Amino acid sequence: MRQAFHSISIPTRGKGLYEFTQDIRDWIARERFSDGLLSLFCRHTSASLLISENADPDVRADLAAYFERIAPEDGPYVHDAEGPDDMPAHIRAALTQTHLSIPVQNGALLLGTWQGVYLFEHRRAPHTREVAAHFIGE
Amino acid sequence: MRQAFHSISIPTRGKGLYEFTQDIRDWIARERFSDGLLSLFCRHTSASLLISENADPDVRADLAAYFERIAPEDGPYVHDAEGPDDMPAHIRAALTQTHLSIPVQNGALLLGTWQGVYLFEHRRAPHTREVAAHFIGE
Amino acid sequence: MRQAFHSISIPTRGKGLYEFTQDIRDWIARERFSDGLLSLFCRHTSASLLISENADPDVRADLAAYFERIAPEDGPYVHDAEGPDDMPAHIRAALTQTHLSIPVQNGALLLGTWQGVYLFEHRRAPHTREVAAHFIGE
């Protein structure tokens with residue numbers, strides 16, 4: 001049994017879903033992981049993680065539009081020192097995931113056929129987001 | 001230290017919460033797991049996982065009704081090629097969990113007294129949902 | 001490779017976010033964990049876990065107010081035997097997290113600069129909440 005750490009940097013260009021499934025697969029291949037548990041941790045409170053459909057891009061557009069409606073920028077927020085998109089960003093992060101674990105078997109992530117792993121950026125300005133990855137297994 | 005994998009198949013008959021706590025307990029008993037971390041991963045983007053109260057069935061009915069209100073079938077979605085229940089299904093999955101881990105100690109899941117583990121089906125049609133289970137420990 | 005369990009008790013005095021990052025750091029220091037995966041599991045269905053900003057207290061106030069609006073006490077719920085704050089508590093727990101895992105590297109939690117770990121109490125009355133902690137690694 002062994003473990004390993006990796007840091008994945010994801011450049012973002014405004015609000016939206018950025019897939020990084022391939023970055024994870026590349027790390028698995030490079031390290032020759034066979035079986036274990038792969039964990040991802042988003043080190044930010046205004047971006048988050050989401051597993052979603054990676055076939056029809058309309059799904060991502062609808063998801064983004066939904067979170068705009070459910071946590072709008074013009075909500076009755078007290079916290080506004082960092083701009084109107086900051087407090088809704090914290091809310092959207094709270095409603096989605098900061099952490100995800102995915103089993104790895106025979107060298108493959110056990111994702112379903114249509115599942116992709118996404119960084120969900122909630123801020124308007126470009127950022128470089130960091131996801132800490134951890135693997136434990138063989 | 002050892003690890004093991006298991007696939008749990010859950011037949012669904014339309015939207016709602018389907019408890020599968022006993023399937024997990026059966027696997028723990030069969031494999032004689034004593035202490036470790038048990039992870040569950042839902043391999044779908046229109047169904048999800050939820051830990052909720054397993055005492056009063058009204059709680060499940062209220063939860064299902066709440067998600068109908070918050071992500072209705074007649075929302076302003078672009079993606080509708082797979083039916084009016086598909087895009088709300090992706091939204092409800094995003095708002096709940098694709099993955100859960102539960103510690104196991106002395107052969108028992110460390111669930112609270114009233115907690116059950118549920119597959120949350122978001123589609124109208126019957127499906128067979130697959131949850132990948134992984135255990136690491138002793 | 002080793003593992004360890006710990007139970008963290010968190011007294012609450014009504015709805016709100018209660019940070020317990022330091023309790024986790026104390027456990028890591030006491031047990032001299034160096035590298036591994038630390039998992040937290042909330043053993044309740046009317047309280048939950050959340051990683052959020054720990055700088056400006058307005059963020060927590062806005063988060064709490066948001067969940068009051070999105071899952072109000074006077075919603076059309078069937079389940080009301082345990083008081084008007086019980087069913088919204090289950091909904092708010094469903095929308096946030098029951099479980100979180102955080103990688104630990106060189107003895108430190110891999111949290112971002114502004115991230116804190118919170119118990120999100122959803123009931124009005126004081127409670128003692130129990131979070132089961134599990135570590136696997138070295």
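Quick check on my filter: what residues within segment B:6-17 are within 11 Å of the chain's Cα centre (by Cα) and either without any contact (Cβ under 8 Å) to a residue 60 or more places away in the chain or buried (at least 16 other Cβ atoms within 10 Å of the Cβ) (or both)?
B:Ile8, B:Ile10, B:Leu17
I need a count of the residues in segment C:107-131 that are part of a strand (DSSP E or B), of a type in the set (Lys, Arg) and in contact with a helix residue (DSSP H, G or I) (Cβ under 9 Å, 6 or more places away or on another chain).
Qualifying residue count for the region: 0.
Among the candidates B:His134, B:His90, single out the residue that is touching a Leu at 6+ places or on another chain (Cβ under 8 Å) and not in a strand (DSSP E or B).
That would be B:His90, the only listed residue that is touching a Leu at 6+ places or on another chain (Cβ under 8 Å) and not in a strand (DSSP E or B).
Taking the stated definitions as given, is C:Ala55 touching a helix residue (DSSP H, G or I) at 6+ places or on another chain (Cβ under 9 Å), at pLDDT below 95 and of a type in the set (A, V, I, L, M)?
No: the conditions fail for C:Ala55.
Counting only residues that are touching a Gly at 6+ places or on another chain (Cβ under 7 Å) and surrounded by fewer than 22 Cβ atoms within 10 Å (Cβ to Cβ), which one in segment B:37-78 is farthest from the other protein chains (Cβ to nearest Cβ)?
B:Ala64
When both residues are 6+ apart or on different chains and their Cβ atoms are under 9 Å apart, which pairs have a first residue that lies in segment B:57-75 and is farther than 17 Å from B:Gln115 by Cβ, and a second that is polar (S, T, N, Q) and open to solvent by less than 40 Å² (accessible area, probe 1.4 Å)?
Listed by first residue and then by second, the contacts come to B:Phe67/B:Thr96.
Taking the stated definitions as given, is C:Val117 among the β-branched types (Val, Ile, Thr), closer than 24 Å to B:Phe135 by Cβ and in contact with a Ser or Thr (Cβ under 8 Å, 6 or more places away or on another chain)?
no
Identify all residues within segment B:25-36 that are open to solvent by less than 10 Å² (accessible area, probe 1.4 Å) and at the interface with another protein chain (Cβ under 9 Å from one of its Cβ atoms); write none if there are none. Steps first, please.
Looking only at segment B:25-36, we keep the residues that are open to solvent by less than 10 Å² (accessible area, probe 1.4 Å), and these are B:27-28, B:33, B:36.
Within segment B:25-36, just B:Gly36 meets the criteria.
Residue by residue through segment A:16-73, note down the ones that are under 30 Å from B:Phe5 (Cα atoms), of a type outside the set (Phe, Trp, Tyr) and in contact with a Pro (Cβ under 7 Å, 6 or more places away or on another chain).
A:Leu37, A:Ser39
Among the candidates A:Ala89, A:Ala81, A:Ala125, A:Ala132, single out the residue that is free of Cβ contacts under 8 Å to residues at least 24 places away in the same chain and either open to solvent by 10 Å² or more (accessible area, probe 1.4 Å) or more than 14 Å from chain B (Cβ to nearest Cβ) (or both).
Details: A:Ala89 fails: free of Cβ contacts under 8 Å to residues at least 24 places away in the same chain; A:Ala125 fails: free of Cβ contacts under 8 Å to residues at least 24 places away in the same chain; A:Ala132 fails: free of Cβ contacts under 8 Å to residues at least 24 places away in the same chain.
After applying the criteria, what remains is A:Ala81.
Of all residues in segment C:93-106, how many are in a helix (DSSP H, G or I) and either at the interface with chain B (Cβ under 7 Å from one of its Cβ atoms) or of a type in the set (Lys, Arg) (or both)?
2
The values are calculated or read from the model by the stated rules, or taken from the named source; none is laboratory data. This one's a predicted model, so the numbers in the text were calculated from it and none came from an experiment. Here Cβ is always computed from backbone atoms with ideal geometry, including for glycine, and neighbour counts include all displayed protein chains. Surface areas here come from the heavy atoms of the whole protein model, side chains and all, with no ligands, DNA or RNA. Shrake-Rupley method; radii C 1.70, N 1.55, O 1.52, S 1.80 Å.
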